[in-house]
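The values are calculated or read from the model by the stated rules, or taken from the named source; none is laboratory data. Remember, predicted model here, so these are calculated numbers, not experimental data. Every residue, glycine as well, gets a Cβ built from its backbone with ideal geometry; the counts of neighbours run over all protein chains shown. Note: accessible area is taken over every heavy atom of the protein model, side chains too, but ligands, DNA and RNA are not part of it. Shrake-Rupley method; radii C 1.70, N 1.55, O 1.52, S 1.80 Å.
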Amino acid sequence: ETGVTQTPRHLVMGMTNKKSLKCEQHLGHNAMYWYKQSAKKPLELMFVYSLEERVENNSVPSRFSPECPNSSHLFLHLHTLQPEDSALYLCASSQGGAGLAAYNEQFFGPGTRLTVL
Amino acid sequence: SQQGEEDPQALSIQEGENATMNCSYKTSINNLQWYRQNSGRGLVHLILIRSNEREKHSGRLRVTLDTSKKSSSLLITASRAADTASYFCAYSGYSTLTFGKGTMLLVSP
């Protein structure tokens, strides 16, 4: 257990569905991240939140919408996804505010395996 | 591409042997980190080495960093079947981590 939980662990959705992924960290960290991991590709950083403010958005399509209501919770809202969005979505957290987040190790959740039909 | 590159892409060894994985990167870094991922699971942090360090140990792990060559290596000594996993390097500039594609390590009993 890394102290970062993600739900659901598996999700199958149609292209017209709306769903949300949830991440919660119990480590007292103040930076949280969403990553996408596709087969045979490096881990792709999607969003970074530091002190509940989004500090990075790596040109992610608008069909992915993050939300960080407090420093312990992070959501990824999904709508009108495409089959190529099928992947493992990983949440992570770390200590450090804006500009410092990458100075420290990141703690990852177990991921949500998303399949878009 | 600014991503790190691991070498080899896959490595198969017998229990008890040592495993060495290499990582190259392209930019100046603050630190370089190594992570392990068991199949379909989240990543687990193994070790962090800062840019002013040359070598670091943690249990059976030894990491080296050569900033002049922009490269790092991870050595796992006396490997065990439980070490079977994918290993990723991730380097940090001043904002976020950039991950490589990883090395798949298979340790056979």
Check: So what does residue B:20 come to for accessible area, using a 1.4 Å probe and Å² rounded to 10?
Finding: 70 Å²
Next item on the list: Tally up the carbon and sulfur contribution to the accessible surface of chain A as a whole percent, 1.4 Å probe, everything protein left in place.
Entry: 51 percent
Notebook entry, point to check: Given 4 °C and 1.567 mPa s, how large is the Stokes-Einstein diffusion coefficient of the protein assembly as shown in µm²/s, with Rh as the Kirkwood radius over Cα pairs?
Noted result: 72 µm²/s
Notebook entry, point to check: So how many Å³ per residue does the convex hull of the Cα atoms of region B:1-98 work out to?
Noted result: 101 Å³
Notebook entry, point to check: Among rounded, prolate and oblate, which fits chain A when a ≥ b ≥ c are the square roots of the eigenvalues of its C-alpha gyration tensor, a/c under 1.5 means rounded, and a/b larger than b/c means prolate?
Noted result: prolate
Item checked: Those aspartates and glutamates that a straight Cα-Cα span of less than 15 Å connects to residue A:36, excepting residues fewer than 8 apart in one chain -> A:44, A:56, A:84, A:85
Next item on the list: Find how many whole Å separate the alpha carbon centroid of region A:1-61 from the alpha carbon centroid of region B:44-69.
Entry: 27 Å
Item checked: Surface accessible to a 1.4 Å probe, residue A:113 within the full protein complex, Å² -> 100 Å²
Checklist line | region B:10-57, accessible surface, carbon-and-sulfur percent (1.4 angstrom probe) | finding: 40 percent
Notebook entry, point to check: Chains B and A: buried accessible surface, both sides, probe 1.4 Å, rounded to 100 Å²?
Noted result: 1700 Å²
Next item on the list: Starting from the Cα of residue B:17, step 7 Å along the direction of its Cβ; do the same at residue A:20; then give the gap between the two resulting points in nm.
Entry: 5.0 nm
Notebook entry, point to check: Which pairs break 28 Å Cα to Cα here: A:19/A:40; B:26/B:56; A:22/B:101; A:18/B:26; A:22/B:26; B:70/B:101?
Noted result: A:18/B:26; A:22/B:26
Checklist line | Heavy-atom accessible area, 1.4 Å probe, ligands and nucleic acids excluded: residues of region B:40-63 down by at least 50 Å² from chain alone | finding: B:43
Next item on the list: Mind grabbing the accessible area of residue A:12 for me, 1.4 Å probe, Å², rounded to tens?
Entry: 100 Å²
